[in-house]
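Trainee: Can you keep this structure in mind? I'll have questions shortly.
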Amino acid sequence: MGGLIGCAVAGPDAVVAIGSPLFPGRTFLHRRAVIGSIVGFGRAMGRLGLPFDGDTYARGFVRARKLLDSPLGRVTPLPLWRPGSFSDDKDLAHTLSVSFAKDSHDVLADLVDLVRTGGQRAGRLDMSERLARLTVPLLAIAGTVDALAPPDSVHALYARAKSADKRFLEVNAGHIDLVVGDRAPIDVWRPIV
């Protein structure tokens, strides 16, 4: 799950949160039937011990890149990157292959649970309590065209963190290209280092 959520649990000396939503973007995920179906599916697959096959999803997105980067593709319900942010398919293929965790479907269910609870809970994790305990320095970075973790969602999480030393930064990026897009070294990594 998102960087700030994971770090709120781990308790590091400082946190850099890149595209970490308190609740995922207000898209088709906010329809009750969709939320219930995704959470139910994730929990059932988790009980069965079936891993989330991220490579299959990654290959599908790479195959659909031309469509997703076109004007028609920009209206997809949940775009993962800003069109044109990767100069070649090999970079995108590698990024996606390592981005989709071979984790439990329960992680997907937890993320969608943030939508259902208005950012209060992710499964059994009480976000309010965890964010209240986050007091280390914080840099939260959001992509202006990130539909999965839009700036308002990242800012809501940032605002609830009790860190006295914190900064919020928006860059012109989607979700995945925040970290590895062609402009990431200049727009995202430079402010971190």
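Trainee: Of all residues in segment 132-154, which are touching a residue at least 12 places away in the same chain (Cβ under 8 Å) and surrounded by fewer than 16 Cβ atoms within 10 Å (Cβ to Cβ)?
Mentor: Within segment 132-154, Ala132, Arg133, Thr135, Pro137, Thr144 qualify.
Trainee: Pairs please, first residue from segment 107-126 and over 18 Å from Tyr158 (Cβ atoms) and part of a strand (DSSP E or B), second anywhere and open to solvent by 40 Å² or more (accessible area, probe 1.4 Å) and of a type in the set (Val, Ile, Thr), Cβ atoms under 9 Å, 6+ apart in sequence or on different chains.
Mentor: Pairs that qualify, where the first residue is over 18 Å from Tyr158 (Cβ atoms) and part of a strand (DSSP E or B) and the partner is open to solvent by 40 Å² or more (accessible area, probe 1.4 Å) and of a type in the set (Val, Ile, Thr): there are none.
Trainee: Conditions: (1) open to solvent by 50 Å² or more (accessible area, probe 1.4 Å); (2) free of Cβ contacts under 8 Å to residues at least 12 places away in the same chain; (3) over 29 Å from Gly46 (Cα atoms). Val180 meets all but one. Number of the miss?
Mentor: Failing condition for Val180: (2).
Trainee: Taking into account only those residues within segment 69-116 that are out of contact with any Phe, Trp or Tyr (no Cβ under 8 Å at 6 or more places or on another chain), polar (S, T, N, Q) and surrounded by 13 or more Cβ atoms within 10 Å (Cβ to Cβ), which is modelled with the highest pLDDT?
Mentor: This residue is Ser85.
Trainee: Ok, one more. Does Val115 count as within 19 Å of Pro83 (Cβ to Cβ) and among the β-branched types (Val, Ile, Thr)?
Mentor: no
Trainee: Would you check if Ile186 is closer than 29 Å to Val62 by Cα, more than 14 Å from the chain's Cα centre (by Cα) and open to solvent by 60 Å² or more (accessible area, probe 1.4 Å)?
Mentor: When the stated conditions are applied, Ile186 passes them.
The values are calculated or read from the model by the stated rules, or taken from the named source; none is laboratory data. Just so we're clear, the structure is a prediction, and the values are computed from it rather than from any experiment. Positions of Cβ are backbone-derived with ideal geometry, glycine not excepted, and every protein chain shown enters the neighbour counts. With ligands, DNA and RNA removed, areas are computed over all heavy atoms of the protein, side chains included. Shrake-Rupley method; radii C 1.70, N 1.55, O 1.52, S 1.80 Å.
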